[in-house]
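Novice: Here it is: the structure, laid out below.
The values are calculated or read from the model by the stated rules, or taken from the named source; none is laboratory data. Given the structure is predicted, the values throughout are model-derived calculations rather than measurements. With ideal geometry, Cβ positions are generated from the backbone for all residues, glycine too; neighbour counts draw on all protein chains shown. What goes into the accessible areas is simple: the full protein's heavy atoms, side chains included, and nothing from ligands, DNA or RNA. Shrake-Rupley method; radii C 1.70, N 1.55, O 1.52, S 1.80 Å.
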Amino acid sequence: AAVEGHQFEVAYQPIVSALDGAASHVEALARWRHPKWGAVSPGEFIPLAEETGQLLAIGEQVLYAACKAAAQWPLVDGYALSVAVNLSARQLREPGLLALVANALAVSGLRPACLELEITESMVMGDVEQTIRMLQSIKALGVRIAVDDFGTGYSSLSYLQRLPIDTLKIDRSFVSGCDRGGPDMAIPHAIIFIGKALNLHIVAEGVETEPEKEILALCGCNEFQGYLFSRPLASSAVDAYLLSKSK
Ligand code: C2E
Ligand code: MG
Ligand code: MG
């Protein structure tokens, strides 16, 4: 009923550049507004919707909504913002995914370079060759690919080398408290090091404090996402946020 009744909304969380703090892209995060229960968190409904197969329909709605919204955002200092959309394991296995992405771009008029799709490491398991082919064909459209929650899945270094990816997102669990240094900084440091060596763009997720940001920036992390910068925003609040960040 929620899918048919369009009870899903999309919130957008800014991701900012380590260089100047300007938003460079925005992650689309699904929200369920239940008429009686209010806001239901994705942590609750995403696993259930994945199990029942309905995540395909929700994912499709999020993709169309995100592309449409991003195509209409104002330029920040002359640059168009990109939007990142999370894919589910089921979506990645659907042969129709390529056509869906191409259609979402065509309908919205969003430039392919302004769309990034986030996958997780565990989604690649299973038919690796087929996943690589799918990702390659999506990349051929000009769309970027990110690995989300990096470090919490299988963290296969050979996949890191073989997958056609652009961005690595360091999972929040490694970012939280990394400013204590020593063993708490070891993993984020190593991820940044390996990602840079592979020419990937590195985003730290869940940055909540200034000291976390400082040490990650010193290690060469390119971008930050987290409550320190902004919580996920309702789509109606994104324009104002972006305009407030223009020089
Ligand atoms: P994710 O893709 O890793 O998204 C980041 C999550 O971290 C978001 O939670 C965001 O609100 C939260 N977050 C960001 N900054 C901070 C921070 O500084 N501190 C803390 N404590 N949390 C922070 P959210 O929106 O609850 O989403 C949870 C997960 O649900 C997402 O994790 C993603 O895996 C999944 N998800 C959300 N929307 C979609 C969707 O449209 N499709 C699919 N397949 N999965 C989605
Ligand atoms: Mg994500
Ligand atoms: Mg994540």
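Novice: When the chain is fully extended, how far beyond the present Cα-Cα distance does residue 7 get from residue 158, taking 0.36 nm per residue of separation?
Specialist: Length gained, residue 7 through residue 158: 50.3 nm.
Novice: Right, something else. Report the charge-dipole magnitude of region 71-132 in Debye, nearest 20, computed about the Cα centre from +1 at each Lys and Arg Cβ and -1 at each Asp and Glu Cβ.
Specialist: It works out to roughly 220 debye.
Novice: Kindly report the accessible area of region 1-127 per residue (heavy atoms of protein chains, probe 1.4 Å, no ligands, DNA or RNA), in Å².
Specialist: 47 Å²
Novice: Looking at the chain, identify the longest residue range that excludes and avoids all GluC sites (Glu not before Pro) in DSSP loops having at most 16 other Cβ atoms within 10 Å.
Specialist: Value returned for the longest uninterrupted segment is 5-207.
Novice: If you roll a 1.4 angstrom probe over the protein chains with everything in place, what fraction of the accessible area of the chain belongs to carbon and sulfur, to the nearest %?
Specialist: Ligands and nucleic acids excluded, carbon and sulfur give 54 percent.
Novice: If the cut-off is 29 Å between C-alpha atoms, which lysines fall inside it for residue 213, apart from same-chain ones fewer than 8 positions away?
Specialist: Within the straight-line limit of under 29 Å, residue 213 reaches these lysines: 169, 196, 245, 247.
Novice: With +1 on each Lys and Arg Cβ and -1 on each Asp and Glu Cβ, and nothing else charged, work out how big the dipole of region 148-245 is about its Cα centre, in Debye to the nearest 20.
Specialist: 200 debye
Novice: Work out the FRET efficiency for residue 132 and residue 209 from their Cβ-Cβ distance, taking R0 = 30 Å, and round it to the nearest 0.05.
Specialist: 0.20
Novice: Separate question: So what is the accessible area of region 160-247 per residue, in Å², with the probe set to 1.4 Å?
Specialist: 50 Å²
Novice: At 222 nm, what value in deg cm²/dmol follows for the chain if DSSP H runs of at least 4 each add -39500 (n - 2.57) and the sum is divided by all its residues, to the nearest 500?
Specialist: For the chain, the value works out to -13000 deg cm²/dmol.
Novice: If DNA, RNA and ligands are ignored and the probe is 1.4 Å, what is the ranking of 29, 55 by accessible area, most exposed first?
Specialist: 29, 55
Novice: Please work out the FRET efficiency for the pair residue 77 and residue 196, using the Cβ-Cβ distance as r and a Förster radius of 35 Å; give the result to the nearest 0.05.
Specialist: The calculated FRET efficiency here is 0.85.
Novice: Hey, rough spin-label estimate for residue 106 and residue 52, points 7 angstrom out along Cα→Cβ, what's it come to in nanometres?
Specialist: Rounded to a tenth, the inter-label distance reads 3.2 nm.
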